[in-house]
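Every number in this text was worked out from the coordinates using simple rules, so none of it is lab data. From a predicted model like this one, the values you see are computed outputs, not experimental measurements. Don't worry about glycine lacking a Cβ; one is built from the backbone with ideal geometry, like all the others, and counts go over all protein chains shown.
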Amino acid sequence: MVLEKISSRRILSFKYAFAGIITALKEEPNLKFHFLAGLLVVVLAIVLKISTIDWIIIIFLIGFVTSVELTNTAIEAVVDAFTDQEHPRAKIAKDISAGAVLIAAITSFIIGAMIFLPYLLQWTT
């Protein structure tokens, strides 16, 4: 009985997590952009036949940016739930979380370029 309760809770937690991702995808254009960018990166990685280590890095970076974007979305939702007016502290929280996404995206782009550039140069020559 205890195992059944634990299993039910675990299954529900996955259900809620997937529901959160789907909701964010429906409501957040930036998350759609990051998912599309991640998909294009995966296609490029398949075409260029990147190494296993490079795959690990790329998959980590896609997960990293997606996770930070989801966190940003959650922070914005919480802030919006508590105030519908412009509040300096609310703006700071939203701006900082958006800044975190920007840093994650730029960092991932630079690392991705470092990974893909040699493959692209080799592929074109």
Which lysines, on any chain, are close to Lys49 with Cα under 26 Å apart, when same-chain ones fewer than 8 places away are left out?
Lys32
Distance between modelled label sites at Phe18 and Ala93, nm, 7 Å Cα→Cβ extension
3.0
Are there any helices in the chain, counted as whole DSSP H runs, that stretch 15 Å or more along their axis by Cα and score at least 1.6 on average by Kyte-Doolittle, and if so which?
29-48
With n ≥ 4 as the cut-off for DSSP H runs, can you work out [θ] at 222 nm for the chain, using -39500 (n - 2.57) per run divided by the number of residues, rounded to the nearest 500?
-33000 deg cm²/dmol
Under a Gaussian network model of the chain whose springs join Cα atoms within less than 10 Å, the largest fluctuation of Lys32, Lys94, Lys15 belongs to Lys15
